[in-house]
Each structure stands twice: as structure tokens, then as C-alpha cells.
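Structure, as C-alpha cells:
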Amino acid sequence: MSNLDESAEPVSYEASMPLEKILAHLPSNANNRLHRDKMAEALFGDSKIPRAAFTDHKLMQLIMDPNTELESLAECIKMDPGLNLKIVRMSRTALYTRGEETRSFEDAFYRIGLKEIRKIVYADTVASSFRNFTIEVNWMDFWRRAVLKAQLTEKLLKAALGNKNFGFISGILNDTGSLLIMEYLPEQYAEIAGLIDSGHAKDLAEKSVLHFTHAHVAGVLCLKWRFPYDVAMGIYYHHSDLSRVDDVINVELYARAGLSAEHLADLSLRVIDEGLDIDELDTYYAGNEWAELTDLIEDKEVLMGIDLEKEIESATNMANILTTG
């Protein structure tokens, strides 16, 4: 029997951090105490948010263990009809068919391959964590952007950390703080949206209204879910001045990759959606914007080697599968 390949992400969840220590990461002052307390109650007291979406998930434990046998993983996935269907549907997209018909789950499982199945499991676990939210969101657009950011974050981190990085998970969780603000602080979110519409940067608008940002909220959520500290803090700091980030393990690497992926994803989707040529991406940036992006990404060969059209097609397929059952 074969085992998961050596590129599997390591099982390295943090020990459970005391609640007080986690909440200390959510910025607070005299003017935002009510908003902060409401967000804290949502994160740790509302049953709509899973207690531990990843660490208590049997399938997740299997897929993150390099010693798991592929046959055991396949059997576990087959027990989840919804996930089973998502994998079959993904195998039937143009990226994977290669002119061959998918006749069974086994065909789909081995055609897609372990790396992509891992991404589907991660994405489905994250998306499932927010399915009980009542907010009105264009979920197709949200998850397309989130998955694209995840794919790009993983690629940008590979040069520095190799295959064993949490880039995909880090990228797909980056904007989940926005969902939490929309769900639990709707009036404040409307005020933030008004500031953004008038030209304010999103993170600055959030700070002016809440004194914390969607990045802070998502980082705290990741601490709750016991992700490695550098991953959680990379999400937490991805809209911060990186020169002020403490050099803790790979925090700056994750933050820099997350911010770079966000810029690249937003521009790429805008270019594609407007019917422009993705191969001339840099010409659609104002000069300083492209310079800022390339400054963030130190290895320019990594940036230029990304097939953005293929990444967007893959993200679109994944988002469609996540949002249509």
C-alpha cells in the first residue's frame, strides 16, 4: 500500500492556547470595547463557528499525516457523500478530464492526485465553517478570490519554505475575518463599506471604526483553531507594516506572501473579468503598484513563472464546486 507523499504539510498544530492569551491579540481601547467584546463572544461563544474546524476533523488528521495510506484516505472520503461528489465534479473539469470519462470516485481520486485533493478538503472545511452565516454574500466571487489567493500564497511560499508550507490554508483564511465582521457587526461593517466607497483603504477604514481589522480577526480565529503560530500571525499581520513585524519563525514570510497574493489575485481577476490580456498584467498596474508588488515578492522568477490564467480557471472551478453543493 502507498503512503502520502513527502510533500504533505507537517502535523504541527499548536497546543491549545489559553483564551485570555488569544484574546489579547484582538486590539482594544476604551472606544472599541463593545465591538471587541461582541467579536470575542462570537469567536468563542457562538456555535455557528466550529470549535476546532481542523484539529478535530478525522479526515483532516488523515490528510495531514504523511504516513496515512492512500487507500485509507480514499475510504474516509467515500464516507462523506458531499466531499465525494465535489472530487468527482472537479475531476470532470477541463483541467483534469484529458479526454477521459470519470466513471467512479476511484477514477476521480487518482486522476486529480493527492495535492489537489488536499486543497479540496482544506477549502471545503473552511467553506463549511461559514455555511450557517446569514449574511448576503456573493459566495462564488468570495471563494473564487479566496481560493486564488490560497493557490498564489502557496506558490510564493514554496521558494522560501519548499513544499512543506501552510500557504494554501493561510491564503484561503486571509479574508474570513471580513465574514465575521459582516455577520456579527453589521452596522459597523456598513460604516466601513461607506468609507471604502469614499476612497479609504479597507484596513484603515476598519481601524477607524473598530480599532481592529479583518486580518486581526482571522488571525485570532486561526489561534483558536490551533494553527502554527507563524501561520496565524502571518494572517494577522498581512495588512501591517512588515518592518514592524517581530521576527518570529516565518511570520514575515507568511504575511508578505499573503499580501502579495492578495494584490496579484485582485489585479488578475480584474484583468480577466474585463476581458483583457492576462499576459500583459504589469501594463494594467499604475507604475508604483507594480513596483510595490515586485518589492514584496523578492524572487521575481517565481512571480513570472505563475500561470495566472490556469490558476484562475482552477480557482473558478473550485469556487463553483464549493458553492453549488
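A single member of E106, E101, E41, E71 is within 30 Å of E206 (Cα to Cα) and exposed (fewer than 15 other Cβ atoms within 10 Å of the Cβ), and it is E41. Only residues that are more than 12 Å from the chain's Cα centre (by Cα), β-branched (V, I, T) and assigned to a helix (DSSP H, G or I) were counted across segment 126-145, and they come to 0. Is it the case, given these coordinates, that I120 is at pLDDT 85 or above and either of a type in the set (S, T, Y) or open to solvent by less than 30 Å² (accessible area, probe 1.4 Å) (or both)? Answer is yes for this residue.
When A193 is tested against (1) touching a residue at least 40 places away in the same chain (Cβ under 8 Å); (2) closer than 23 Å to D273 by Cβ, only condition (1) is not met. Condition first: in a helix (DSSP H, G or I) and of a type in the set (S, T, Y). Now tell me which residues in segment 216-239 satisfy that. Within segment 216-239, Y229, Y236 meet the criteria. Only one of the listed residues (A108, A123, A30) is among the aliphatic types (A, V, I, L, M), in a helix (DSSP H, G or I) and without any contact (Cβ under 8 Å) to a residue 40 or more places away in the chain. That residue is A108.
In segment 146-215, counting only helices (runs of 4 or more DSSP H) that sit wholly within it, the ones holding 1 or more residues that are among the small types (G, A, S), at pLDDT 90 or above and surrounded by 20 or more Cβ atoms within 10 Å (Cβ to Cβ) span 167-173, 176-184, 202-210. Hey, any hits in segment 130-139 for a residue that's acidic (D, E), more than 26 Å from E311 (Cβ to Cβ), surrounded by fewer than 16 Cβ atoms within 10 Å (Cβ to Cβ) and at pLDDT below 95? Yes, there is a match, as at least one residue in segment 130-139 is acidic (D, E), more than 26 Å from E311 (Cβ to Cβ), surrounded by fewer than 16 Cβ atoms within 10 Å (Cβ to Cβ) and at pLDDT below 95.
Restricting L85, L73 to residues that are out of contact with any helix residue (DSSP H, G or I) (no Cβ under 8 Å at 6 or more places or on another chain), in contact (Cβ under 8 Å) with a residue 60 or more places away in the chain and farther than 25 Å from H263 by Cα narrows the list to L85.
The values are calculated or read from the model by the stated rules, or taken from the named source; none is laboratory data. As the structure is a computational prediction, the values presented were derived from the model and not from experiment. For neighbour counting, all protein chains shown are included, and Cβ atoms are generated from backbone atoms with ideal geometry for every residue, glycine included. The accessibility values were calculated without ligands, DNA or RNA, using every heavy atom of the protein model including side chains. Shrake-Rupley method; radii C 1.70, N 1.55, O 1.52, S 1.80 Å.
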